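**Q** Can you read through this structure? Questions will come right after.
The values are calculated or read from the model by the stated rules, or taken from the named source; none is laboratory data. On a predicted model such as this, the values are computed, not experimentally measured, just so you know. Virtual Cβ from ideal backbone geometry, glycine too; neighbours counted across all protein chains shown. For the accessible areas, the whole protein counts, side chains as well, though only heavy atoms, and no ligand, DNA or RNA atoms are used. Shrake-Rupley method; radii C 1.70, N 1.55, O 1.52, S 1.80 Å.
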Amino acid sequence: MILVTGGAGFIGANFVLDWLRETGEPVVTLDALTYAGNPENLASLQGDARHVFVHGDICDRALVDRLLSEHRPRAVVHFAAESHVDRSIHGPAAFVRTNVEGTFTLLEAARDYWTMLASDPKAAFRFLHVSTDEVYGSLGPKDPPFAETKAYEPNSPYSASKAASDHLVRAWHHTYGFPALTTNCSNNYGPYQFPEKLIPLMIANALAGKALPIYGDGRNVRDWLYVSDHCAAIREVLARGRLGETYNVGGWNEKPNLEIVHTVCALLDELRPDPAGAHARLITYVTDRPGHDRRYAIDARKIERELGWRPAETFETGIRKTVAWYLDNQDWVAHVQSGSYREWVDRNYAQR
Ligand code: NAD
Ligand code: TYD
């Protein structure tokens with residue numbers, strides 16, 4: 001079996017669901033259920049003997065030790081993190097705690113566990129650290145996309161904390177021979193994404209007839225990858241990635257934010273027309289994010305060359321599925337838009 005941290009969040013939940021469907025191998029999920037963690041994401045696994053959910057913190061060394069010795073996983077896939085750049089600007093402490101100290105705690109617990117394994121399970125053991133392209137910093141319009149050799153230049157408290165965790169993972173491999181792998185992926189979108197991130201926020205606001213807040217001039221560029229493609233990439237790296245290596249994962253799909261929002265609006269106009277007019281009328285320019293990275297782009301040739309992975313979805317197919325999922329799962333959206341969600345919206349948008 002495998003141990004997945006952060007499996008009640010957006011990508012982690014998609015990964016656990018896809019993993020069980022694709023491989024059938026049992027999973028223990030460890031998740032602290034912060035505002036971003038939602039047991040409803042894994043509700044379809046209730047009563048499934050292949051899945052165990054543990055409510056707990058990756059910073060809790062005794063708990064992690066106990067889970068490793070009780071369940072004896074052959075791998076750890078580490079998603080748990082604070083993941084939202086805007087929240088990291090308002091409150092960086094939680095990012096240092098979970099992303100840096102939490103990763104350190106997991107690495108140390110997993111290293112102790114791995115050291116004591118017999119030679120065959122020891123040789124097979126893997127620790128896969130899920131990271132982001134944001135550690136590489138910001139690109140100019142003509143710069144080449146991020147390759148794995150690009151120097152780290154993190155600019156936000158979020159990306160700095162992820163960069164720190166990547167460095168710990170690298171050092172644990174280099175110093176202790178610990179069997180670690182790292183993936184650095186671009187912006188994901190798809191089902192179960194918390195509506196604080198661009199695409200689900202725009203869908204939720206558009207359906208509610210609320211303003212669609214565009215930071216700055218809306219020309220910041222991100223590379224977008226449908227979440228199930230990221231999950232497939234992680235399965236490939238876990239199965240066949242070279243130890244100690246990092247693999248960049250991306251969708252070959254760079255787009256400015258404004259284009260993303262117009263695409264979402266056009267799909268909503270088609271699937272859920274608003275009698276008051278086109279959804280794009282709600283687009284509103286607001287004060288920019290401090291330190292807002294201008295452009296991210298991923299050179300995903302290494303993972304294709306070494307592991308044969310390429311995204312299966314195009315942006316057109318992925319965004320259509322995503323909008324349809326949110327339309328079909330309005331209850332899920334309503335549940336996560338709880339009191340704490342409203343506090344966040346006030347805090348981030350009221351003063352802009
Ligand atoms: P998310 O915020 O949706 O989910 C994070 C999960 O981690 C939540 O379930 C939360 O409860 C859990 N968690 C937080 N702190 C914890 C702690 N101390 N102990 C245990 N669990 C804890 O994040 P996501 O978007 O699913 O991202 C998952 C991972 O992928 C992160 O490491 C993130 O840096 C990385 N990543 C995300 C993207 C993206 O576009 N969302 C892109 C590249 C990489
Ligand atoms: P986000 O989904 O927060 O991901 P990240 O900052 O990790 O790339 O934001 C994606 C882009 O959308 C980013 O350039 C910021 C921008 N954005 C807005 O313009 N308005 C918003 O309300 C949000 C949440 C993001």
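**Q** Alpha carbon centre of region 8-45 versus region 265-310: separation in Å?
**A** Spelled out, the Cα-based centre of one part sits 25 Å from the other.
**Q** Let me ask something else. Search the structure for amide H atoms under 5 Å from the amide H of Asn188, placed 1.01 Å from N in the peptide plane, and list their residues when 5 or more places away or on another chain.
**A** So Asn188 has HN proximity to Leu225.
**Q** Put a dot 7 Å past each Cα toward the Cβ at Met1 and Lys122; how far apart are the dots in nm?
**A** 2.4
**Q** Toward the positive end of the charge dipole of region 77-204, about the Cα centre and with charges on Cβ (Lys, Arg +1; Asp, Glu -1), which of Phe104, Trp114, Val135 goes farthest?
**A** Trp114
**Q** Residue by residue through region 135-148, what is 3J(HN,Hα) from phi via Karplus (6.51 cos²θ - 1.76 cosθ + 1.60, θ = phi - 60°)? Round to whole Hz and write x for glycine and proline.
**A** 5, 7, x, 10, 9, x, x, 9, 5, x, x, 5, 9, 5
**Q** A further question follows. Using a 1.4 Å probe on the protein heavy atoms, what percent of the accessible area of region 30-148 belongs to carbon and sulfur?
**A** Working: 2900 of 5210 Å².
Result for region 30-148: 56 percent of the exposed heavy-atom area is carbon or sulfur.
**Q** If you count only protein heavy atoms with a 1.4 Å probe, what accessible area per residue comes out for region 286-330, rounded to a whole Å²?
**A** For region 286-330, the per-residue accessible area is 49 Å².
**Q** In addition: If the reach is capped at under 16 angstrom between alpha carbons, list the lysines near Lys255, excluding any in the same chain fewer than eight residues apart.
**A** Lys142, Lys197
**Q** Moving to a separate point now. When the accessible area of region 225-295 is computed with all protein chains present and a 1.4 Å probe, what percentage of it is carbon and sulfur? The partial results should precede the final answer.
**A** Working: 1630 of 3060 Å².
The value for region 225-295 is 53 percent carbon and sulfur by accessible area.
**Q** Taking θ as phi - 60°, what are the ³J(HN,Hα) couplings along region 298-305 by the Karplus curve (6.51, -1.76, 1.60), each to the nearest whole Hz, with x for Gly and Pro?
**A** 10, 8, 9, 6, 5, 5, 6, 5
**Q** Another one. Bin by bin, in steps of 10 Å, what percent of the Cα pairs in region 222-352 do you find, going until the bin that has the longest distance?
**A** Bins of 10 Å from zero give 10, 27, 35, 21, 6, 0 percent of pairs.
**Q** Short version: ³J(HN,Hα) in whole Hz for each residue of region 171-182, in order, from phi by Karplus 6.51 cos²θ - 1.76 cosθ + 1.60 (θ = phi - 60°), x for Gly and Pro, what are they?
**A** Once rounded to whole Hz, the list reads 5, 5, 6, 5, 7, 9, x, 5, x, 9, 9, 10.
**Q** On a 1.4 Å probe surface of the protein chains, which of His262, His335 comes out largest in accessible area, and what is the full order?
**A** Result, largest first: His335, His262.
**Q** On to the next question. Run the numbers for Glu306 and Val345: contour at 0.36 nm per residue of separation, minus the present Cα-Cα distance, in nm. Numbers along the way, then the final one.
**A** Values: separation 39, 0.36 × 39 = 14.04 nm, distance 4.26 nm.
Result for the pair: 9.8 nm of gain on full extension.
**Q** Still on this structure, I have one more. Can you give me the distance in nm between label points at Asp274 and Tyr35, each placed 7 Å from the Cα along the Cα-to-Cβ direction?
**A** Taking the simple label geometry, Asp274 and Tyr35 are separated by 2.4 nm.
**Q** Another question, if that's okay. So if I place +1 on the C-beta of Lys and Arg and -1 on the C-beta of Asp and Glu, and nothing else carries charge, what would the dipole magnitude of region 53-127 be about its Cα centre? I want it in debye, nearest 20.
**A** 220
**Q** Could I ask something else about it? May I ask you to give the solvent-accessible area per residue for region 63-132, in square angstrom, as obtained with a 1.4 angstrom probe?
**A** On a per-residue basis, region 63-132 sits at 40 Å².
**Q** On to the next question. Determine the gain in length on full extension of the stretch His167-Arg74; use 0.36 nm per residue of separation and subtract their C-alpha separation, reporting nm with one decimal.
**A** The His167-Arg74 span can extend by a further 31.2 nm.
**Q** Give me the distance in nm between label points sitting 7 Å out from Cα along the Cα-to-Cβ direction at Tyr152 and Asp331, one decimal.
**A** Distance between the two pseudo-spin positions: 4.3 nm.
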